[in-house]
Every structure is written in structure tokens, then in C-alpha cells.
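Below: the structure, in C-alpha cells.
The values are calculated or read from the model by the stated rules, or taken from the named source; none is laboratory data. Keep in mind it's a predicted model, so treat the numbers as computed, not measured. Using ideal geometry, Cβ is built from the backbone for each residue, glycine included, and neighbour counts are taken over all protein chains shown. Surface areas here come from the heavy atoms of the whole protein model, side chains and all, with no ligands, DNA or RNA. Shrake-Rupley method; radii C 1.70, N 1.55, O 1.52, S 1.80 Å.
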Amino acid sequence: MDARILYVRLPCNPIFPIGVVYLADHVRKLFPQAAQRIFDLGTVPPLDFAPALERCIDEFRPDVLVFSWRDIQIYAPVGGRGGNPLQYTFEFFYARNLLLKAKGAIGLLRIASGYYGELWRNLGLIKRGIARAKRYSPKLRTVVGGGAVSVFYEQVASTLPKGTIVSVGEGEALLEKLLRGEDFADERCFVVGETKPRDRMIHEFPAPIEKSACNYRYIEQIWPEFEYYLQDRDFYVGVQTKRGCPHNCCYCIYTVIEGKQVRVNPADEVVAEMRQLYDRGIRNFWFTDAQFIPARKYMPDAVELLQKILAAGMDDIHWAAYIRADNLTPELCDLMVKTGMNYFEIGITSGSQELVRKMRMGYNLRTVLENCRDLKAAGFNDLVSVNYSFNVIDERPETIRQTVAYHRELERIFGADKVEPAIFFIGLQPHTHLEEYAFKNDIVRPGYDPMNVKPWTVRKLLWNPEPLGSMFGEVCLQAWQQNPNDFGREVMRILEARFGCADLESALTAPIERDTRELVEA
């Protein structure tokens, strides 16, 4: 196979493009004679996007063009396209002060214009790149994939040129068959204008590929911008230790993108990959798994990996990850501290066991607290980010009090200055159980456009339903006004002042009731 493959990572925040890197590494191992090049528009000034892309195509002359599109949706809880989308949304919908409401409207208009501008820009770059590459390769094959496309593939497809292959989820098996000239119709993909996506295609199982260590000596050769991510010593470089997540959290899209079957990468291969980056000066690693320890059965794999990191002599590193803290043991806690974990995120969503159960998250909040105490006893003294998504389903004053109580207990364990509450309001995502629940309850109707950011649509897609929606809007506005630099903690203080703090035991107890399983049945 003498193909010339150009991977174009479309513009996004400066996050290490691990998906494109792993895809190119996989192709190299199967087709060593293929010529490859990675072109990362995330390292290019915006005014130079199109000229730089065309220069790269003119120089490399690909016959296979692979676009990676990471970001689309804008329902972020923090600063994004020219401001804070959540803040502007709440100002527009919930502020009583007309000047503040107008400020929110202007902010939303600016964000919406940026959002649609980025959509049109990225689609324009894809079309421009295809047209340029066809000057040199009339039979050019084009693949468009990445996280954004995997979620919104049904909407994106209508705007892509005919013949574009839309890849959903992981792309290794698809690219293998494409390069071999084999039929790839059974992969999670479709061809614009020729085939249509199968119903629920995103829920199909990805190919069970076992990954070996990425060859960064080769990646350096095909990716001139690689050094960009090595300059800042505070930058966290991604390393993947497993793919897939077995859980059913009602709002999460990871499960369907990566599949429910967890595929663990061999510990020796993960350490070998880390060692290559370590030897290039990297000391900060982000384990990019959906969850570093997705279930108890994978705890031995985590132990093995951390033990081998210690044995490799990389004793001056730091690492971070998403971690289900119900899957920890004293041994794991000790290894985490010894190997340099200095930050982790836990997405418990609510401090009420009742709501955790209704959202199908599979957490035992009592166990989480016990394991956090073990982690503190092992010597962990760094930052913990706790994600709370209020008002997802069946929220009421009592569950708010329970969440406050749970958060205060985490503060007692780690220290109030070490526990950072990250306040999220979930963006309704396609292909999730929450979307099914929204259909069932006539919140949105099948056929709605999840990429639409008109005000009447945003109010439904940014999940904050009444009767508590206005109250949460007011609380958040008050927090931004009083303490914008410590928004999460301020929200917790206001909620406690309004509703009080429950007894911790009530937060940890949730009797199963038949009539509260509506979301599970959806």
C-alpha cells in the first residue's frame, strides 16, 4: 500500500491530539510503506488556517484525506467562545435586571455567531481541502471523524460533500479496510450521498483492537508541530490506558462512542509510551480514558500499571484522570500518591444517593467517601474536582440539602481549599438515555436539531427544567455577581444558606421505590 495519508486536525483548544496520533501510529504498524503526515490546525494562527492547509496539501499531495473534528457543542460551564456560555444563558433567561438580561443576550449572540462561524469555517476548510487535494489525486478518498462528528453525525452529514466517508467512534478498523481496498460497509460509518447511517449505528460495538505503545520517534517525523506541545512544561500530554466504559449514566455519550466493552491496553505498552514522552521532557500526563478505573474488575489492571510506572523509575511525574472513586482500595490509593497523581475529577453529579440511582450512575456514595478517606490517609494533598449537575431529574429541596451535606463531608476529608465544586448544567446529548427520557416526557421531539442554538432551543437542550430551573438560575447569577472567581464554592454557600444542610446519613441512603424508575425504563 503506497497511499499518502494526510491527517488534518481541525482547529480547537490546545489539547494534545491523541486520536489522530494513535490513528497514524496504528496505520504505520500495519502499512509501513504508506506515507503519512499530521497537520494540526490547533497550532496555526486563525487568519492562516486556509492558506496553511493549502500549502500543506500542495507539499504533501495526499490521496487519502482524514479530518479530525473534536468540538461542536457550546454548552460549557466555563469560558469558551468569547465568554461563559452558561453565564450568558442564565443572564438572558433568568435575570430580572433588564440591563443584565441585555448583557446576556449580547453575550449569547456573540457566542452563537462564533459557534456558527466555527461550524461554517470547519466545513469550509473540509471542502477547500478536498478541492485542493483533488488537483493532485482525482480519486481522493476523504474521511471525516472525531468526537464532534461521532455525536452529531446525522446532522453533520447533510453539509459534507458527496462521497465523504463519515466515521463514527474509533477509526482504526475503517481506515484499515479503506487502505486495503476492502468493503467497509459493516464498520461504524457511511458515505455521504451514497449510503445512510444505520439506525442506532453509534450503539454498535467498535472493533476489539489491542493497542501497543505509540512510536513517538515516527510521530515526530510526520508531525512537524509536535514540539508545540512539549514547550510548556505545565502542559498535560494524553496517554490512553483503556477504551470503553461499561456504565449507563443517563446523560453520558462516552459509553456509546467508545462502546461498553472495556479494552485494557497492556501495562508494559502504556509504560513504554510514557517513557518515550518522559525522555522528551514530559512530566505531566493525563490518562485520557473515559474512566481510569471504570469498574472493580479493572482494579488489578490499574494496580499493575502504577506498579510498573514506579518500577520504570519515572518518580518525578504528575498525572491526572477521571476516576470513579468507588473503585479504590488502600493499595491503589497508596500507589496513586507514590506515582504522582496530583489532580483527579469525580463526576458524582449529585450528593444524593437517590438521584445517583435515578440517573443510572452506579455509584455508592458511601463507598466513595470511605475511599476518599483512604486516599487522604495515603498522603494525597492535592486538588479534587467534584462535578455536580443540579436539576437533572427529580431534584427537590431535600436532595439539594443532601448534596450540600455530601460536599461538606468531602471538604472535611480533603480540606475545603482542596475540593473544587464544578457546577454543570447538562447539555442534552443525542443517543443518551436522557434524550430518550426527554422524548418520553415531550421535552423535545424526535427529529429535533441538537446543533440548534436558537434561544427557544437552548432553553430545552441546556437541561434546567422547572419548577427549580428559575431558582437555580437566580442562584448562579447571584454567585457570579458575588464571587465570579470562585463560582462553584459560592453556589454551594448560597444553596446552603437557602436550603440548609441535611444529615449526611440521609444523603447516603436511598430506598428503592418502584415508581421512581422512570428514567431507567425510558
**Item:** Test: residue 129 is under 23 Å from residue 39 (Cα atoms) and open to solvent by 20 Å² or more (accessible area, probe 1.4 Å)
**Value:** no
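Looking at 519, 428, 462, 410 in this structure, which one is in contact with a strand residue (DSSP E or B) (Cβ under 7 Å, 6 or more places away or on another chain) and at pLDDT below 95?
462 is the lone residue from the list that is in contact with a strand residue (DSSP E or B) (Cβ under 7 Å, 6 or more places away or on another chain) and at pLDDT below 95.
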**Request:** Give me a count of the residues in the range 366-399 that are over 26 Å from the mean Cα position of the chain (by Cα), part of a helix (DSSP H, G or I) and of a type in the set (A, V, I, L, M).
**Result:** 1
**Message:** Against the definition (more than 27 Å from residue 293 (Cα to Cα), open to solvent by less than 20 Å² (accessible area, probe 1.4 Å) and in contact with a strand residue (DSSP E or B) (Cβ under 7 Å, 6 or more places away or on another chain)), how does residue 191 come out, yes or no?
**Reply:** yes
**Asked** For the subset of the range 12-50 comprising residues that are of a type in the set (S, T, N, Q) and either within 17 Å of the chain's Cα centre (by Cα) or under 18 Å from residue 213 (Cβ atoms) (or both), which member is surrounded by the fewest Cβ atoms within 10 Å (Cβ to Cβ)?
**Response** 13
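Could you please give the count of residues in the range 259-304 that are in a helix (DSSP H, G or I), farther than 20 Å from residue 336 by Cβ, out of contact with any helix residue (DSSP H, G or I) (no Cβ under 7 Å at 6 or more places or on another chain) and not acidic (Asp, Glu)?
Of the residues in the range 259-304, the ones in a helix (DSSP H, G or I) are 267-279, 296-304.
Narrowing the set further to residues that are farther than 20 Å from residue 336 by Cβ leaves 269, 272, 276, 279.
Now narrow it down to the ones that are out of contact with any helix residue (DSSP H, G or I) (no Cβ under 7 Å at 6 or more places or on another chain): 269, 272, 279.
Then keep just the ones that are not acidic (Asp, Glu); that gives 272.
Result for the range 259-304: 1.
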**Request:** Check 119, 100 and return the single one that is touching a residue at least 24 places away in the same chain (Cβ under 8 Å), under 28 Å from the mean Cα position of the chain (by Cα) and more than 26 Å from residue 4 (Cβ to Cβ).
**Result:** 119
**Prompt:** What residue, of 360, 412, is touching a helix residue (DSSP H, G or I) at 6+ places or on another chain (Cβ under 9 Å) and either open to solvent by 40 Å² or more (accessible area, probe 1.4 Å) or touching a residue at least 60 places away in the same chain (Cβ under 8 Å) (or both)?
**Reply:** 360
**Asked** Mind checking which pairs have a first residue in the range 51-73 that is assigned to a loop (DSSP other than H, G, I, E, B) and modelled with pLDDT of 95 or more and a second that is open to solvent by 30 Å² or more (accessible area, probe 1.4 Å) and not charged (D, E, K, R), Cβ under 7 Å, 6 or more apart or different chains?
**Response** 61/136
**Message:** The conditions are (1) out of contact with any strand residue (DSSP E or B) (no Cβ under 8 Å at 6 or more places or on another chain); (2) surrounded by 13 or more Cβ atoms within 10 Å (Cβ to Cβ); (3) part of a helix (DSSP H, G or I); (4) at pLDDT 95 or above, and residue 489 fails exactly one of them. Which is it?
**Reply:** (1)
**Prompt:** Which residues, counting only those in the range 305-332, are open to solvent by less than 30 Å² (accessible area, probe 1.4 Å) and closer than 14 Å to residue 384 by Cβ?
**Reply:** 320, 321, 323, 324, 325, 328
**Residue tally, condition touching a strand residue (DSSP E or B) at 6+ places or on another chain (Cβ under 6 Å), small (Gly, Ala, Ser) and open to solvent by less than 20 Å² (accessible area, probe 1.4 Å), over the range 132-150** = 2
**Message:** I'd like the residue in the range 427-475 that is under 24 Å from the mean Cα position of the chain (by Cα) and among the acidic types (Asp, Glu) and, out of all such residues, is farthest from residue 104 (Cα to Cα).
**Reply:** 436
